[in-house]
1. Taking segment 174-191 as the region of interest, how many residues are out of contact with any His (no Cβ under 9 Å at 6 or more places or on another chain), surrounded by 18 or more Cβ atoms within 10 Å (Cβ to Cβ) and more than 15 Å from Leu24 (Cβ to Cβ)?
2. Of all helices (runs of 4 or more DSSP H) completely enclosed by segment 93-157, which ones contain at least 2 residues that are among the β-branched types (Val, Ile, Thr) and either in contact with a Phe, Trp or Tyr (Cβ under 9 Å, 6 or more places away or on another chain) or modelled with pLDDT of 85 or more (or both)?
3. Could you tell me which of the residues Leu67, Leu24, Leu49 is in a helix (DSSP H, G or I), more than 19 Å from the chain's Cα centre (by Cα), of a type outside the set (Lys, Arg) and at pLDDT 90 or above?
4. All but one of (1) over 12 Å from the mean Cα position of the chain (by Cα); (2) in contact (Cβ under 8 Å) with a residue 40 or more places away in the chain; (3) surrounded by fewer than 18 Cβ atoms within 10 Å (Cβ to Cβ) hold for Leu162; state the number of the condition that does not hold.
5. Considering segment 19-45 alone, what residues qualify as being of a type in the set (A, V, I, L, M), touching a residue at least 60 places away in the same chain (Cβ under 8 Å), closer than 18 Å to Ala199 by Cβ and surrounded by 17 or more Cβ atoms within 10 Å (Cβ to Cβ)?
6. Find all pairs meeting these conditions: Cβ atoms under 8 angstrom apart; at least six residues apart or on different chains; first residue within segment 169-188 and on the phi > 0 side of the Ramachandran plot; second residue modelled with pLDDT under 95.
7. Quick check: is even one residue across segment 205-219 part of a loop (DSSP other than H, G, I, E, B) and either buried (at least 24 other Cβ atoms within 10 Å of the Cβ) or modelled with pLDDT under 95 (or both)?
Amino acid sequence: MLGRLGGGGTPKSGARGGFQWTLLEAAAMLSVTFSAFVVKETISASEALAAVPPDLATPARIGVLLLYYAVQVAVLVWLVRRRGGDTLAALGLRSGGSGGVLRAASSAGLVVGGLIVTRLLASVYAYLTRAWGLMPAEGADLPALFGADATGFVLAVVMVVLVGPVIEEAVFRAALLEGLAARFGVWPAIVAQAALFAALHRSLWLLFPTFILGVVLGYLAHERESLWPPIVMHGLYNAITVAAAFLVVPAA
């Protein structure tokens, strides 16, 4: 029955190994992601975590983050395997084997172009909100989360640049985008998943730039029929944030 819930407006095929995400599966994955996020945030703000000795605080926070990611990976794999699908193909992580160098070059061009556009818009947005006194006094403090030393920088790169983008793209640009597109069409799906992606980051101030990022990543995933281009772009986008947090801000 699950396989019948995704009719109409089917997205491009060829990169999913014959596996079509359904609307019900997309909704289930979204529910798991948001529930896991609430649990992660609750634990992170709990008195129990605050009482952890300072030398164990960073490992504890990373452990909570890894558990958050692991739950999502487990559910993604389960949803695919329960219908006999190939997990890598269903997530757009298996190469379609066509296009060669020319296609790779065009994908790289789209990634670079998307990165420039989203980062430029984010920079302009940050400048305007700062000039108008709308920027919040506090934001995400990556050095405080991972540690301000070299080890903290490496951990931030691993979790924010390498691991996080893969998981988020698998949830939003594979399961959610494909499931919504199968029922409502590609562009309504791209907009909807971008809005949900922005909402997950729970920052009213960052809602606009995160939404734009989600739209570009969604378009890239659909246009390239693969999750690798949006993963690369997402990782590079986050890499700039990490570099600014650890290298630019401390030196200011």
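1. Of the residues in that region, 1 qualify.
2. It comes to 100-131, 150-156.
3. Leu24
4. (1)
5. Hits for segment 19-45 are Ala26, Met29, Leu30.
6. What qualifies is Gly185/Gly8; Gly185/Gly9.
7. yes
Yes/no matrix, rows are residues, columns are (1) over 29 Å from Ala156 (Cα atoms); (2) assigned to a helix (DSSP H, G or I); (3) modelled with pLDDT of 90 or more:
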| site | (1), (2), (3) |
| --- | --- |
| Gly8 | yes, no, no |
| Ser13 | yes, no, no |
| Gly18 | yes, no, no |
| Val39 | no, yes, yes |
| Val80 | yes, yes, yes |
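The values are calculated or read from the model by the stated rules, or taken from the named source; none is laboratory data. Because the structure is predicted, anything quoted here is derived from the model rather than measured. Note: ideal-geometry Cβ built from the backbone for every residue, glycine included; neighbour counts use all protein chains shown.
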